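This report concerns only the one structure given below.
The values are calculated or read from the model by the stated rules, or taken from the named source; none is laboratory data. None of these values were measured; they are calculated from a predicted model. Cβ: placed from backbone, ideal geometry, glycine included. Neighbour counts: every protein chain shown. Each accessible area value is taken on the protein alone, full model and side chains, heavy atoms only, with ligands, DNA and RNA left out. Shrake-Rupley method; radii C 1.70, N 1.55, O 1.52, S 1.80 Å.
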Amino acid sequence: MTPDWTKNLVEARNLNIRFGSTPVVDDISLDLPKGRITALVGESGSGKSLVAHSIAGILTPAARLEADRLSFAGVDLRDTKSPGWRDLRGRQIAIIFQNPRAALSPVRRVGQQIGDVIARHRGLKGAELSRAVVEALGAVGIVDPEARQNAYTGELSGGMCQRVMIALALACNPRLLIADEPTTGLDNTTQAAILDLVVDQIRARDMSCLLITHDLALAREYADDICVMHAGQIVEKADSARIFTASQHPYTHALLKASASQADSIASLEPIKGSLPDLNGPLPACRFANRCPRAEERCHSAKPPVSGPDTARVNCWNPLP
Amino acid sequence: MAENTATLPAVRRTHRMPLSKRLPLVFLALLVFAGVFGPLLAPYDPTATNSSEALSPPSLAHWFGTDQLGRDVFSRTLAATRTDLLVGAVAVSISLVLGTMIGALAGWRGGRMDVVLGRFVDSIMAFPLFVLAVGIAAGLGNSLTSVIVATAIVNLPFYARAVRFEVARRRNAGWVEAALLARIPPVKIVTFHILPNLVALLATQSSLNMGWAILNAAGLSFIGLGIRPPEAEWGIMVADGASYIFSGEWWVFTFPGLALMSAVLIFTRAGDALRQLLDPRSK
Amino acid sequence: MRLPRRLLSAVPSLIGIVILTFVLTRLLPGDPAAYFAGPAATPESIEEVRVQLGLDKSIFAQFVDYISALSRLDLGRSLSSGQTVVDDLTARLPATLELTVSALLLAAILGIALGFGAALRPGRWPDRLCDAVTVFGQAMPTFFLGLLLVYVFYYKLEWAPAPMGRLEIFYSSPTEVTGFWTIDTLLEGDIGAFQGVIRQLILPVITLALFGLGPIASMTRTSLLQVLGGDSVRTARAFGLSSRKVLWTYAFLPAAVPILNTIGMVLSFLLGANVLVEKVFGWPGVGAYAIEALLVSDFAPVQGFVLLMAVTYVVVNLCIDLLAAAIDPRARTDG
Ligand SMILES: Nc1ncnc2c1ncn2[C@@H]1O[C@H](COP(=O)(O)OP(=O)(O)OP(=O)(O)O)[C@@H](O)[C@H]1O
Ligand SMILES: [Mg+2]
């Protein structure tokens, strides 16, 4: 199947991911439109990476994925073995990870690794290939890319590794970049530099981006839309401004209230009442029900309805006005 | 939460190991039984020759057949269990004691003592171990003692290294400092307070090493070192039987060889089982 | 640049080896001179031997003698052959090396293949086979395995030639160029003799290789599984690289160093097991030579043999270190 670029880049409908009998990701639906940066926010363990991996086609074999629809520009992503899909990964969908040093191979020069990907998707060889590699490294602001391409990850700093990773991801001009907490573990200055770089590149190349973070402030600063996850469910999705001014879901509300008093990141929040539910035990229909001050009987028994326009959608029986 | 899940299944596993995991320990008990009572259980005198029945194949009267002198191979194989286990056990005990002493000394004193002892142990490891065993056994003269000492020395590094590491790790613990301040002599601290923590480790290592030691000793006697012929020993019996391969008398070398293999197998498997039993966290 | 430092790192091992082999000769209980003079010696001849061997000097002086002899490559003389030990060992070393190297290669190839299979299909039959080979390889006495193979393939099936040396007598042995008869026969263009050499090699090589297979297979499995489950392989897959590229470049290369180190360790096993296998197969190598000397209390050859094997082991491990550093930059910094 050939990609149809008139459609949404990613369309997921009723996506479920389970490990054995544990339903980790529960029935989420998510569209990634063209040219926008969508942030996926949620506590650690809420399933953000799993969603990212299912789009990038790198779910661990232990995970079982079911979905009514999971497509990229009309190409079905559920059949990860199909040749059409394999041509997309790295070419149209690229991903960068939290720990860039581990994500790159320690025994191959960084230039070679980028070269492998370019050779695979753009079919370049010899001098053309090396020129493209140097170009890719230069594009992410690496000084002296000619020399740096010969380095191993062990010889580079964490921030530099992430730049290499970004160069690798952008080397084939993909339409979608998935960034899974790309700056966790980097110091603050580097963090900002890396995110600025990613966002600049995305805007310049007219790409889309799924930016995963647990930092609401970061999401507000860099993303167009914010999508909030709790325990494997999407609870709310809205423009980033609206999330902060008019959040409708009690969970989002709690997140914001807690973060306003303390710091800007979810990681350093005063704990919201209760903790993430144990996914192995019996779960209420809305997984926030046991922690929710506005919970009602039906929150436990029936899936919350989806309401609101595309720019302010909430999954809740009893949303805030 | 993490703690609960980590300890719960572990405790259960200690008490109810699946049979397949305990099987090596059962076999180990049988093997030791054969070692202790083997010579008594043997249907024939293991050294009694009977030339009229020489080289007869396995039969009801002689389960494993007879050798070139008409001796019953089954009785000899059984009787040899004691010799081989004894050689292995003595050798392993020596390496255990010496290795522990060296390791404890190096780990406790540190500094130059550590360097010198470490170099010594490294030097042993720089040899292909069986070759070194041949050299030591040759240097000590051709006797059973040499075989035992040679086997002990080549196994020594495993204990020395493990003990050195553990002692050095605990050397600076708060309670050790406190004990030193309370004027408890270091020998006591090491012997009664540090080494007991290593019992599981050393027991596991010893069982694994027993297999190795037996193999080593049998190899040495196979090439003619140590134990002398009329004595029943698996390595020698295999060496004796080797000449009869060319006339098709396979049973003379096969049964002692199988016994040797099974013994080694049992010790190494039992070592693994023991590790799981004593340290449930390791996979 | 880095090379000299690597070479230096082998020096302590070599010093240890030299000291230990010297100590070996001093272990002899009773009077070493009497021992070296042989069982039929008179008191005068014993005294003569004592002076001749320098055993009348102090231990330190003896050690200096030993070192200076070593530096002249003088390992003494074999009482039984009458030749210098160095000559004897040089003549026999190629036979041993041909056997060991072939076995090590076979063990490495089979072991890596098996480990690969096990890592790619955990829990399935290659994994089981890998387990079984490891467990039995560990427990199987090499000399017994060799004899079993001889019984089955020589006596019963008559597929293999008699276990007596490197070539059956009706072939003429090749003129030694490399000392590896497989190569020398080919250099002479004697295909018949080449096949004969191969036929003689097969059983001892299999015996040794089965012995060394287990550790290599299980290390390949462990190391590969670890890399396969890691982030860098995930990245390579996420970027659509072909499974071949992923497997070899992104999984096997980073897994290679522990495998190489295991191969080095297996070499140590093989050099030891060689002694036994050479005896079983009548192989005219240094191991068989040492045993013969040993049994007639001819000590110099044994000492020379132990020294030679230890040095071989150290040198090969040095090469393995260098190879590891060439493959994996992480192996360059430490050590
Ligand atoms: N291999 C696995 N087996 C079983 N459960 C798993 C596995 N991988 C992930 N999970 C479960 O899936 C849940 C979601 O994991 P995921 O990595 O997507 O979280 P996340 O939102 O990315 O968190 P973080 O912010 O820590 O990266 C976790 O609670 C974890 O328990
Ligand atoms: Mg994550």
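Can you tell me how many residues in the range C:63-79 are surrounded by 13 or more Cβ atoms within 10 Å (Cβ to Cβ), touching a helix residue (DSSP H, G or I) at 6+ places or on another chain (Cβ under 8 Å) and free of Cβ contacts under 8 Å to residues at least 24 places away in the same chain?
Here the count works out to 1.
Here are some residues: C:289, C:313. Which one is within 13 Å of chain B (Cβ to nearest Cβ), under 17 Å from residue C:216 (Cβ atoms) and hydroxyl-bearing (Ser, Thr, Tyr)?
Numbers: C:289 fails: under 17 Å from residue C:216 (Cβ atoms).
Among C:289, C:313, only C:313 is within 13 Å of chain B (Cβ to nearest Cβ), under 17 Å from residue C:216 (Cβ atoms) and hydroxyl-bearing (Ser, Thr, Tyr).
For the range A:107-134, name all the residues that are within 13 Å of chain C (Cβ to nearest Cβ) and assigned to a helix (DSSP H, G or I).
Correct list: A:110, A:112, A:113, A:114, A:115, A:116, A:117, A:118, A:119, A:120, A:121, A:122.
Do you know which of the residues in the range A:46-60 that are facing chain C (nearest Cβ under 9 Å) and surrounded by 15 or more Cβ atoms within 10 Å (Cβ to Cβ) is nearest to ligand 2 (Cβ to nearest atom)?
A:53
Give B:80, B:106, B:91 a once-over and let me know the one that is in contact with a helix residue (DSSP H, G or I) (Cβ under 7 Å, 6 or more places away or on another chain), in contact (Cβ under 8 Å) with a residue 12 or more places away in the chain, surrounded by 23 or more Cβ atoms within 10 Å (Cβ to Cβ) and under 22 Å from residue B:172 (Cβ atoms).
Unique residue meeting the criteria: B:106.
List the helices (runs of 4 or more DSSP H) that sit entirely inside the range A:21-106 and contain at least 3 residues that are at pLDDT 90 or above and more than 10 Å from ligand 1 (Cβ to nearest atom).
Correct list: A:100-103.
What's the number of the only condition in (1) more than 9 Å from every other protein chain (Cβ to nearest Cβ); (2) within 22 Å of residue C:85 (Cα to Cα) that residue C:326 fails to meet?
(2)
Can you name every one of the helices (runs of 4 or more DSSP H) wholly within the range A:136-216 that holds 3 or more residues which are among the β-branched types (Val, Ile, Thr) and either open to solvent by less than 40 Å² (accessible area, probe 1.4 Å) or farther than 16 Å from residue A:39 by Cα (or both)? Working first, answer last.
Working: elements: A:145-148, A:158-170, A:188-204.
So the answer is A:188-204.
Using the structure shown, decide if residue C:305 is within 26 Å of residue B:241 (Cα to Cα) and either within 14 Å of chain B (Cβ to nearest Cβ) or at pLDDT 90 or above (or both).
Criteria not met by residue C:305.
Scan B:207, B:262 and give me the residue that is in contact with a Ser or Thr (Cβ under 8 Å, 6 or more places away or on another chain) and either open to solvent by 10 Å² or more (accessible area, probe 1.4 Å) or more than 11 Å from chain C (Cβ to nearest Cβ) (or both).
B:207
For the range C:186-212, give me the residue count where each residue is more than 15 Å from the chain's Cα centre (by Cα) and of a type in the set (Ser, Thr, Tyr).
The qualifying residues number 0.
Pick from C:282, C:264: which is more than 10 Å from every other protein chain (Cβ to nearest Cβ), within 24 Å of the chain's Cα centre (by Cα), small (Gly, Ala, Ser) and closer than 15 Å to residue C:93 by Cα?
Among C:282, C:264, only C:282 is more than 10 Å from every other protein chain (Cβ to nearest Cβ), within 24 Å of the chain's Cα centre (by Cα), small (Gly, Ala, Ser) and closer than 15 Å to residue C:93 by Cα.
Per-residue answers, yes or no, for (1) in contact with a Lys or Arg (Cβ under 8 Å, 6 or more places away or on another chain); (2) of a type in the set (Gly, Ala, Ser); (3) open to solvent by 60 Å² or more (accessible area, probe 1.4 Å):
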| position | (1), (2), (3) |
| --- | --- |
| A:8 | yes, no, no |
| A:30 | yes, no, no |
| A:62 | no, yes, yes |
| A:69 | yes, no, yes |
| A:74 | yes, yes, no |
| A:86 | no, no, yes |
| A:95 | no, no, no |
| A:105 | no, yes, no |
